[in-house]
1. Report the relative contact order of the chain, percent, no decimals, based on alpha-carbon pairs under 8 angstrom and at least 6 residues apart.
2. Enter the Cα centre distance for the pair the range 78-94 and the range 1-69, rounded to the nearest angstrom.
3. Can you give the net charge of the other residues whose Cβ lies under 11 Å from the Cβ of residue 84, counting K and R as +1 and D and E as -1?
4. Would you mind counting up the charge near residue 17? Only other residues with Cβ under 15 Å from its Cβ, with Lys and Arg at +1 and Asp and Glu at -1.
5. Using θ = phi - 60° and the Karplus relation 6.51 cos²θ - 1.76 cosθ + 1.60, list the HN-Hα couplings for the range 54-65 in order, rounded to whole Hz, with x at every Gly or Pro.
6. Return the loop-located trypsin sites (Lys or Arg not before Pro) in the range 45-122 (DSSP other than H, G, I, E, B) with at most 16 other Cβ atoms within 10 Å of their own Cβ; answer none if there are none.
7. Could you list the chymotrypsin sites (Phe, Trp or Tyr not before Pro) in the range 85-122 that lie in coil according to DSSP, counting only those with at most 15 other Cβ atoms within 10 Å of their Cβ?
Amino acid sequence: QVQLVESGGGLVQAGGSLRLSCVASGRTVSIFGMGWFRQAPGAERDFVAAISRSGSNTYYADSVKGRFTISRDNAKNTVYLQMNSLKPEDTAVYYCAARYATASTSPRYDYWGQGTQVTVSS
């Protein structure tokens, strides 16, 4: 069984930065395509960013392109989401996800974390 644990969320003012981390246990993260999704209250879970197994390919939602950066450290079994120039509309619960197949922008992932709250004040 794979467990994903997110951390790094919190309250930040607009224009600020946060770095989310997702640590995987149970299997080495290098076999997974990894993604970050977010869900605001009353909204669907939306794709944010994804990264291939090797880290050579990354994908971003248009709304975060140029502000967020996804990366991974397979030696540490960890995936990161660096979020800069945060906006109030980035407020959501952020979820880490893993899939045995290549990274995807769709929510068809095999494992999900519990989520970490990010709140951006104006």
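1. 36
2. For the range 78-94 versus the range 1-69, the Cα centre distance is 8 Å.
3. Working: positive: 19, 67, 87; negative: 90.
Result for the local shell: +2.
4. +2
5. 7, x, 7, 10, 10, 9, 9, 5, 4, 5, 10, 4
6. Filter output for the range 45-122: 65, 67, 108.
7. For chymotrypsin sites (Phe, Trp or Tyr not before Pro) across the range 85-122 that sit outside H, G, I, E and B with at most 15 neighbouring Cβ atoms in 10 Å, the list reads 100.
Each value in this text was obtained by applying a stated rule to the coordinates, not by laboratory testing. Computed from a predicted model, the values in this text were never measured in an experiment. No Cβ is skipped: glycine too gets one built from the backbone with ideal geometry, and neighbour counts run over all protein chains shown.
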